[in-house]
Amino acid sequence: MNVTQIVAFALVSTFIIVLLKQYKSEYAFLATIVAGGIILFFSFSKLEMIITLIENLINKIGIDKEFFEILLKITGIAYLIDFGANVCKDAGESAIASKIEFAGKLIIVTMSIPILTTLIETVTEVI
């Protein structure tokens with residue numbers, strides 16, 4: 001699915017959701033989640049190409065693949081946290097959204113510790 005199809009799907013979904021809010025508001029939120037999930041699913045189809053490109057660059061440079069895997073997981077977590085928080089905000093639950101964002105930040109910092117440790121060790125060796 002290309003960007004034009006994704007935007008067209010999003011616009012049609014938005015129109016349907018607006019109509020649902022007027023007549024069956026209990027289904028509007030569910031439709032929002034489904035539409036967002038479908039858009040996210042089709043967006044991930046481009047992810048494989050990006051990952052392959054980055055892996056090729058890392059192999060050429062000679063960076064440890066462990067760091068790439070950590071960075072990839074952190075990026076995925078950031079996108080999922082953002083998606084989850086936005087769904088909560090759309091539902092009017094900004095307090096829960098902020099808690100999701102806080103938890104995501106903590107998880108990202110925790111996951112980045114091996115990279116930070118290696119960076120500090122490298123700087124220490126250079127000095």
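Determine whether segment 99-120 contains at least one residue that is over 23 Å from Asn2 (Cβ atoms), touching a residue at least 12 places away in the same chain (Cβ under 8 Å) and in contact with a Cys (Cβ under 9 Å, 6 or more places away or on another chain).
Scanning segment 99-120, I find at least one residue that is over 23 Å from Asn2 (Cβ atoms), touching a residue at least 12 places away in the same chain (Cβ under 8 Å) and in contact with a Cys (Cβ under 9 Å, 6 or more places away or on another chain), so the answer is yes.
Hey, any hits in segment 20-34 for a residue that's under 30 Å from Leu119 (Cβ atoms) and not aliphatic (A, V, I, L, M)?
no
If you go through segment 104-120 one residue at a time, do you hit one that is within 16 Å of the chain's Cα centre (by Cα), closer than 27 Å to Ala10 by Cα and either of a type in the set (Phe, Trp, Tyr) or not assigned by TED's automatic domain parsing to the domain that holds Lys21 (or both)?
yes
Rundown of residues vs (1) over 30 Å from Ile17 (Cβ atoms); (2) at pLDDT below 90, yes/no style:
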| site | (1), (2) |
| --- | --- |
| Ile58 | yes, yes |
| Cys88 | no, yes |
| Ile96 | no, no |
| Thr110 | yes, no |
| Ile113 | yes, no |
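Considering only segment 11-44, how many residues are farther than 19 Å from Leu80 by Cβ and touching a helix residue (DSSP H, G or I) at 6+ places or on another chain (Cβ under 6 Å)?
Qualifying residue count for the region: 7.
The values are calculated or read from the model by the stated rules, or taken from the named source; none is laboratory data. Predicted model, so just to flag it, every value in this text is computed and none were measured. Neighbour counts are summed over all protein chains in view; Cβ atoms, including those assigned to glycine, are modelled from backbone coordinates with ideal geometry.
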